[in-house]
Amino acid sequence: MAEDPQERIAALRAEINRHNIAYHTNDAPEIPDIEFDLLVRELRELEERHPELVDAESPTQGVGSATSATFAPVTHAVPMMSLDNAMDVDELQAWGERVSRGLDGEPARFICELKIDGLAMSLRYERGALVTAATRGDGRTGEDVTANVRTISDIPHQIEGAPPVFEVRGEVYMPVSAFDAYNQAATEAGERTLVNPRNAAAGSLRQKDSAVTARRSLAFWAYDVGEVSGDAGTDIAAADHMAMLTTIEQLGLPVNPAIRTVDTIDDVFEFCQHWADHRHDLDYDIDGVVVKVDSADQRRRLGFTSRAPRWAIAFKFPPEERTTRLVDIQVSVGRTGRATPFAVLEPVFVGGSTVSMATLHNQDQVRLKDVRPGDVVVVRKAGDVIPEVVGPVLSERPADSKPWDFPSLCPCSLLSTLVRVDGEADTRCVEAACPFQRDQRIIYWATRGAMDIEGLGERTVAQLTAAGLVSDVADLYRLDVDMVEALEGFARISAEKLISAIDASRSQPAWRVLTGFGIKHLGPSASQSLAVAFGNVRAVLSATDVERDKVDGVGSVISASIAAWFDMESNRELVDRLEANGVRLDVVDPALIPDETIAATLDGHVVVITGNVPGYTRDGAKAAVVARGGTSPGSVSKSTTVLVVGEGAGASKLTKAEQLGVPQIDADAFETLLETGEIPPS
Ligand code: IVH
């Protein structure tokens, strides 16, 4: 594709300008950042190869985009610069070498900070009072969003001990927990959800009514200063970076704690890798790491290019959003009959793996997002979360595309009707004999969180049911090696392995059997509490609601759901047949019983754990509580004694604990809790 460079440059400039306006002015980016960065890179490379075509108006020459007409313009006393990017370790090394050359080989100390994915903001304090808050805009002129920024509780309106003129710069962001809460409420109300926290923060700051901004729970991290005047100011502006951050923090502005000082690029890269792996442990989005030379003197010597400092670089994480073609929309049916629409995609590498399918959640989400077969769509895969379609790139929609309609029939061979009950978000297949539901129930029984039968995955289950060998989980226990070996793809040895894994599952603890039934609302945690309280599966199933309700972590919803399940003849028969086929219903999990050899420091304590506690697996941390006489249900309630908040803690548990006044401790205090049974002050 030998396009004329002049034409390609013009096309790239037009496209980049359009995306700049969409992103900076309208807060409605159409494409993920990475794809934008790639366009800018291509343009910059072409301009480098063809210097005769460079133009002062080219988007490569400026920062971001101009402002919109809604907010008054603010001229920045000191321009707000952008940063150059490093996409991989080689580019990071190359930057390190440029720095070293710029300093004639003198060693530099680097400060590594998180690159917060929010909106750059300049806060101007005069004689200690917040007078202006302005966005970056094009770097020289931003927008006056003071009224809205005043609603951000992290940002003081008044600070003591500051120089007469003191500009602090940093990032306004929306915490992920606030973003999730907003989207959950929007989904329940049938309203359009926000695309991502950055967008949400940008949109919130552009509200004409500050009361709306106030409700969006925005927050702020400071990382730089702008204009600083007066005696005290000279010190701050001339200080090394770390010293400057310390001063900013002492003046009462929030500075992100995840900062590290290092001496080599190898250590910089280690910091980058650590946070690339742990980015989802934080309650805010980060899209990379910003590396800055610490010494003020070295910074002066390195100076700036036309758009960015030479003394800093942004190391960008691999993208979690990419665009690709949506080939088709299909529907899958889960074990409860829920029909979930999903996108069949042209494979795309995103969030660390190749994705060819992504969820579309439910009928309303497809309609609200208006994604259609044939669209180019933005796909997001963040951490362990299932890949999802964020939305279509409307400018690339084929002219003949049509909205997608939810099918009225189940895709299974029975072609039963799909039903959507009024007021519910989900569409369901209500045919009890639906083969999809049957297969999914068997797959769920075998999963790690339930009976943990290795080798019994989706494909094997489909083969077993298609061959008529298995029609429910009790049938698994009537299989033998010959039957399995007769299936396609099975050798004697793999058939033996599967049979022995199934056989071993006969003596799994009672809570795993309970979980494996897939009773609505009944997860592993409540199953464990019930198994401990009642001792065996039958006793749990035949207890009264009142008896079950007394168990910690089991409410009336779970209890009623168990009753409804056991009320069905077919389920009672299933339990009988499991037992007849040798599945034990009374095995006690040793990890759930107090250990006589350990002091019962937590007798009577109800310790809920959220997130990871270093040094423990999820089950291990619970077992440590139980061994000491405590219980550890999966949810916070009135009776919770303490909430242990580990890395990547769930926002809902924190909120609940705050509402109920349940004390919280961090993971470091967990050991003390185990040893003494006392709740250390947090
Ligand atoms: S320093 C002159 N530090 O990233 C250097 N920027 O891609 C000014 N950002 O415009 C920026 N976290 O909006 C700096 N710890 C951090 C940052 C950070 C996020 C943003 C900022 C900047 C953009 C550049």
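According to the square roots a ≥ b ≥ c of the eigenvalues of the Cα gyration tensor, what is the shape class of the chain, taking rounded for a/c under 1.5, prolate for a/b larger than b/c otherwise, and oblate for the remainder?
Values: a/c = 2.12, a/b = 1.56, b/c = 1.36.
Verdict is prolate for the chain.
The alpha carbon centroids of region 236-268 and region 183-210 are separated by 32 Å. For a straight C-alpha distance cut-off of 14 angstrom, the aspartates and glutamates reachable from K402 (same-chain residues fewer than eight places away being disregarded) are D328, D370, D375. When each of Y444, Y477 is scored by the number of other beta-carbon atoms lying within 10 Å, the sequence from fewest to most is Y477, Y444. Karplus-derived 3J(HN,Hα) values for region 115-124, using 6.51 cos²θ - 1.76 cosθ + 1.60 with θ = phi - 60°, are 9, 6, 8, x, 10, 5, 9, 10, 9, 10 Hz; glycine and proline are entered as x. Structure note, pairs K381/K622; K381/K653; K520/K638; K622/K653; K208/K369; K208/K292: Cα-Cα distances above 27 angstrom occur for K381/K622; K208/K292. Give me the percent of DSSP beta bridges within the chain that run antiparallel, rounded to the nearest 5. Roughly 85 percent of the DSSP beta bridges within the chain come out antiparallel. Computed from point charges on the beta carbon alone (+1 for Lys and Arg, -1 for Asp and Glu), the dipole magnitude for region 190-284 about its Cα centre is near 880 Debye.
Pairs of Cα atoms under 8 Å, at least six residues apart: use those to get the relative contact order of region 521-604, whole percent.
Details: 56 pairs, mean separation 28.0, N = 84.
RCO, region 521-604: 33 percent.
Distances between placed amide hydrogens fall under 5 Å for R428 paired with A339, V419, R420, V421, all partners being 5 or more residues away or on another chain. Scalar couplings 3J(HN,Hα) for region 360-366, obtained by applying the Karplus form with A = 6.51, B = -1.76, C = 1.60 to θ = phi - 60°, are 10, 6, 7, 4, 5, 5, 5 Hz; x denotes Gly and Pro.
Calculate one ³J(HN,Hα) per residue across region 457-467 by plugging θ = phi - 60° into the Karplus curve 6.51 cos²θ - 1.76 cosθ + 1.60, and present them in order as whole Hz with x for glycine and proline. Those phi angles translate into x, 3, 5, 5, 4, 4, 5, 5, 6, 5, 7 Hz. Sparsely packed loop sites in region 571-671 (the trypsin sites (Lys or Arg not before Pro) outside DSSP H, G, I, E and B with at most 14 other Cβ atoms within 10 Å) comprise K638.
Which of the GluC sites (Glu not before Pro) across region 569-655 are loop residues per DSSP, with 14 or fewer other Cβ within 10 Å?
On the way: sites: E569, E573, E579, E596, E647; in loops: E596.
When the GluC sites (Glu not before Pro) of region 569-655 are filtered for loop state and at most 14 Cβ neighbours within 10 Å, E596 remain.
In region 181-232, taking the dipole from charged Cβ atoms about the Cα centre, the farthest positive-side position among P197, A219, S229 is held by P197.
Kindly identify region 47-144 as rounded, prolate or oblate by the Cα gyration tensor criterion: order the square roots of the eigenvalues as a ≥ b ≥ c, call it rounded if a/c is under 1.5, otherwise compare a/b with b/c, prolate if a/b is larger, else oblate. Oblate, since a/c reaches 1.5 and b/c is not below a/b. If you take the Cα centroid of region 10-52 and the Cα centroid of region 346-420, the two points sit 27 Å apart.
An oblate overall shape is assigned to region 302-459, the ratio a/c of its alpha-carbon gyration tensor axes (a ≥ b ≥ c) being 1.5 or greater and a/b not exceeding b/c.
Every read-out reported here was derived from the displayed coordinates using simple, explicitly stated rules and does not represent laboratory data. Because the structure is a prediction, the values reported are computed rather than measured. Backbone-built Cβ (ideal geometry, glycine too); neighbour counts: all protein chains shown.
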